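The values are calculated or read from the model by the stated rules, or taken from the named source; none is laboratory data. Fair warning: this is a prediction, and the values are worked out from it, not measured in the lab. For neighbour counting, all protein chains shown are included, and Cβ atoms are generated from backbone atoms with ideal geometry for every residue, glycine included. Side chains are part of the model used for accessible areas, which takes the heavy atoms of the whole protein and leaves out ligands, DNA and RNA. Shrake-Rupley method; radii C 1.70, N 1.55, O 1.52, S 1.80 Å.
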Amino acid sequence: MMFLRMRPLRFLYLPAALVICWAGVSSAQDSARLQGQVRFVNNGQPIHSATVMVVELSKVVETDAEGRYAMQLPAGSYTVIAYTNSLTAPSAAVEVRSGETRSLDFALELTPLKHEITVTAEDIQQTAFQAVQSVSSLDSIDLSRRHAPGLGEVLKDQPGVSKRSFGPGSSRPVIRGFDGDRVLIMQDGIRVGSLASQSGDHGEPIDSTSLERLEVLKGPATLLYGSNALGGVVNALSGHFEVHTQPHEGTRAKVSTVAGSADRHLGGSLTAEHGVGQWLFWVGGGGQRTRDYETPQGEITNSASRISNARAGLGYYGEKAFASFGYTYNDGRYGIPFAQEFHGHEEEGEGDGGEEEDLEAVDVAFRRHNLRFAGGFRSLGSWINSFKLSLNYTDWGHDELEVFDGGEEIEVGTAFQNRQFVYRGVFQQAQRGLLSGSFGFWGLSRDYDVSGEEALSPPVDESAFALFTLQEIDFEHVKLQFGGRLEHNRFKPQGPQLRGQGNEGGEAELLRLPDRDFTGLSGGVGARFDLWEGGAFVANFVSSYRAPALEELYNFGPHVGNLAFEVGDPDLVRERSNGLDLSLRHSKGRVRAEASFFYYDIDDFVFLAPTGQIEDGLIEADFSQGDSRFVGSELRLDVGVHDSVWLNFGLDTVDAQLTGSGESLPRIPPLRARLGVDFRHDGFSFKPEWVVADGRKEDIFASETPTGGYGVVNLAASYTLPGRHLLHHFSLNVYNVGDKLYRNHLSFIKDFAPEIGRGVSLAYTVELF
C-alpha cells in the first residue's frame, strides 16, 4: 500500500505575502443602490432564491422569501439579468448614479432562450453569451432529460461533443475530436482524479442526478486549468464550492428520479442544505443503475452499470471571509462488453494436466474518496478584491474483475491506485479603470500504482506547479482578454520495467526508466466585439503547451482497454498547439444563433501508431509523435416562428489528420446534424427531433474499420410547474423511435455492439427553495 508523500507546503508563502496587499491603495468609488422584485410572469407570485446578476461586474445576489433583492453598485451603466433553473427574463439595461436608489423588477417565464451561466470560462460567474471562450451550460432541469451513469452519454448531444466508450458505463466526452489526456474532467473546478483518460474502458465517477450544473468549455483551456485541458474542459458543479458563496436561511432540497426501459435504467438522488446565519450544512446521496441494454440485434451482454455517491459538507460565509469543507464518496461497477474476446486466460491444473478456464466477462469496480477545502477573502478594498484557495485530496482505486463460472468465481486481474493532492489559489483583481483580471498558482502531487495483468508501467510519482494570469480590458463595445501560464511537470518512475518479452522472440530486459521534466509556457489573446444589439463576434488565439501523459511515456504491454499492445516512449517531447477559434453569436427576441470555426495546428502530437505486428492477440502500437491539425465548425440555431413554435437546428464537424502523411487520426467524430421542432404552451413542451450522422467510411485511421451513417428520431415531452417555494419538472423521452440499427464510430467495440434501440425514459425533479 502506497501513501501520498506530501511535499512541504511552501506554496502557501505566496498567498500569505500577497494578502498583505489588503492594506494597499483603496479603490473607493461612489456607489448606488439597485433593488427590485422577481416574480412569475403567469401569476405574479414572488420567487424565492432567484438569482440576479450584474453582467459587467459578475456580481450576484439572491432574492428573499418575498422575491426582493438589493445590492450596492459603483455608479455606471449595466446589464442585469434574473433567472432560476429554466425560468428567465430578458436582460435589462440600467444606469445608476452616485447616491441614488434605482428599482428594477423582473418577471420570469419558461422560454427556450434562457441565460446559460458559467463559472468555468473565467473563474467567475457570467453568461455564456458574454464569455470570450466557447462554453455551454446545462442546469439541473436540462440534465433531468439526459441522466445516464456514463458522462459521455449525458453530454453526447451537445454541440461539438461526442462520446467515446467501451460500453455505456465507460463513456467519456470527446470535445472537437480531442480525447484522453487532452480533455480535462473536473468537479467544482478541480480535476476528478480518476484514470478514465488513460483507457477506453475506464469511466468517470460523475452522477448527473446529483449535479446543479454541468459546463463544457470547448477549445484550449490551458491558461486557467493546465496542459491536460488542451482540447477542452468538462466541469461538474455541485453548487457548494464554485457556485454559491453566500449564506441563506432555512432549508433547500432537490430530489431527482429517472427510469428507462431499453436498459432498465433506475436512478435517483437527494440533496438537502440548511442555513443558519452565516453557516450552511449540506448532505446528499444517490445513484443510478442500468441492466444490459437492448439493440435491434438483441441484448448486449455485460453492458450493465452502477454508480452511487454520498456527500456532506459545512460552510461559513461571512461578509469578508468564507470557508467550506466537504467529503464525497463514490463507488460503482460496470461491465466491459466483449472484453473477454481480447483476453486470454489460462489456469494451470495440478500435475501434468492443465485445464483451460473460460473467461466469461470483465467488469470494472471503482471507489473514490475525496476531501475538499475551499476558503478565502472578498471585498478586500484594495487592488486585490478577493482571494480563494482550494485544497483537494483524492484517493481513487479501481479493480478490473475477471468473471468465471457464471459469476461464482471472480478474480482481480489488475488493480489501479491513484492518489493525488491538488491545490489552487486565485486572486481576483479589483477593476482599475478598464482593466480587470485574475492571477494565481496551481500544483499537483500524484502517486500512481498498478499491479496485475495490465500493470503496464511501474509506480510513478508525478508533480506539477504553475503560475497563471488572465487579464481583461473592457471597452464599451469591445472586450480584450489576454493571459499566460507557466507550468512545470515532472515524472519519477519508482522501479524498473520489464521490456522486450515476446517481441520477435527477443529476450526480456529489466530497464530503469528515466525521470522526465517538462516546462512550458502557454499564452493567448481573445477579443469580443459587440456588432449590433444582441450580436457579437469573438476571436481567440491560444498557443498551448502539453506535457506527455504518464501512459504515453512509460506504458509497455497488452492493453485491452485501448485494443493495443502499447509501447510507450520515455523520450517523447512536449506538444505545442497553436489554435484559432472564431465565433459569431446572436441572442435577441426570438432568435439565438452561434456559428463557430476552429483550427488547431499541433507540433509533436502524440498518438498510438500501429507497427503491423500482433502481440498477445492485440495490434502492437508505439506512442509516436507527428505534426497534426484539427479543423472544424459548429452551428446552433433556435428560431421562434410563433410564440408556441420554435425551430432548432444544430451541426458539428471536425477533421483531424497528421500533416506529414495526410493520414486521418483515430476515432474522429463524423459530420452530425440535428433538426427539431419545439411546441410550447405555458409549462408544457413537446419536441420531436431528427439526428443524422455521416459515415466514416474513408479518411479513417490505419487500424480502424469503416462506420456507416445513420438517422435517428427522438421525441421529448416535458412539463414544468413552478411555485413560490417549489418547482416540479416532469419529462418523457422516447429515443430511437424507429429502433434504428446504428453504430458509434468512437466506440472501441462498434464492430461488436450497436447503439441502444428503442426505449422510453421518465424523469421527475422537484426542488424546494
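Worth a mention:
- Candidates 174, 119, 135 - the one that is open to solvent by 10 Å² or more (accessible area, probe 1.4 Å), out of contact with any helix residue (DSSP H, G or I) (no Cβ under 7 Å at 6 or more places or on another chain) and touching a residue at least 12 places away in the same chain (Cβ under 8 Å): 135
- In this structure, residue 640 does satisfy being touching a residue at least 60 places away in the same chain (Cβ under 8 Å), more than 22 Å from residue 564 (Cβ to Cβ) and assigned to a strand (DSSP E or B).
- Residue selected from segment 368-421 under the condition among the acidic types (Asp, Glu) and within 29 Å of the chain's Cα centre (by Cα), by the criterion least open to solvent (accessible area, probe 1.4 Å): 400
- Lone unmet requirement of (1) under 29 Å from residue 144 (Cα atoms); (2) more than 25 Å from the chain's Cα centre (by Cα); (3) modelled with pLDDT under 90; (4) open to solvent by 10 Å² or more (accessible area, probe 1.4 Å) for residue 79: (1)
- Looking only at residues in segment 608-626 that are open to solvent by 50 Å² or more (accessible area, probe 1.4 Å) and of a type in the set (S, T, N, Q), the one that is nearest to the chain's Cα centre (by Cα) is 625.
- Among the residues of segment 422-445, those identified as part of a strand (DSSP E or B) and open to solvent by 30 Å² or more (accessible area, probe 1.4 Å) are 428, 429, 432, 435, 439.
- Unmet criterion (only one of (1) closer than 27 Å to residue 761 by Cα; (2) out of contact with any Lys or Arg (no Cβ under 7 Å at 6 or more places or on another chain); (3) not in a strand (DSSP E or B)) for residue 262: (2)
- Scanning segment 82-114 for residues that are open to solvent by 40 Å² or more (accessible area, probe 1.4 Å) and free of Cβ contacts under 8 Å to residues at least 40 places away in the same chain returns 90, 91, 93, 95.
- Picking from residues in segment 473-511 that are charged (D, E, K, R) and modelled with pLDDT of 90 or more, the one that is nearest to residue 457 (Cα to Cα) is 492.
Here is a yes/no grid of residues against (1) under 14 Å from residue 219 (Cα atoms); (2) open to solvent by less than 50 Å² (accessible area, probe 1.4 Å); (3) at pLDDT 95 or above; (4) in contact with a Cys (Cβ under 6 Å, 6 or more places away or on another chain):
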{"residue": "532", "(1), (2), (3), (4)": "no, no, no, no"}
{"residue": "538", "(1), (2), (3), (4)": "yes, yes, yes, no"}
{"residue": "548", "(1), (2), (3), (4)": "no, yes, yes, no"}
{"residue": "559", "(1), (2), (3), (4)": "no, yes, no, no"}
{"residue": "571", "(1), (2), (3), (4)": "no, no, yes, no"}
{"residue": "574", "(1), (2), (3), (4)": "no, no, yes, no"}
{"residue": "597", "(1), (2), (3), (4)": "yes, no, yes, no"}
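- So residue 587, is it modelled with pLDDT of 95 or more and assigned to a strand (DSSP E or B): no
- Count of segment 182-223 residues which are assigned to a helix (DSSP H, G or I) and open to solvent by 10 Å² or more (accessible area, probe 1.4 Å): 5
- Matching entry among 622, 581 (being among the charged types (D, E, K, R), assigned to a strand (DSSP E or B) and in contact (Cβ under 8 Å) with a residue 60 or more places away in the chain): 581
- The set of residues in segment 446-479 that are of a type in the set (A, V, I, L, M, F, W, C), open to solvent by 20 Å² or more (accessible area, probe 1.4 Å) and outside any strand (DSSP E or B) comprises 455, 475.
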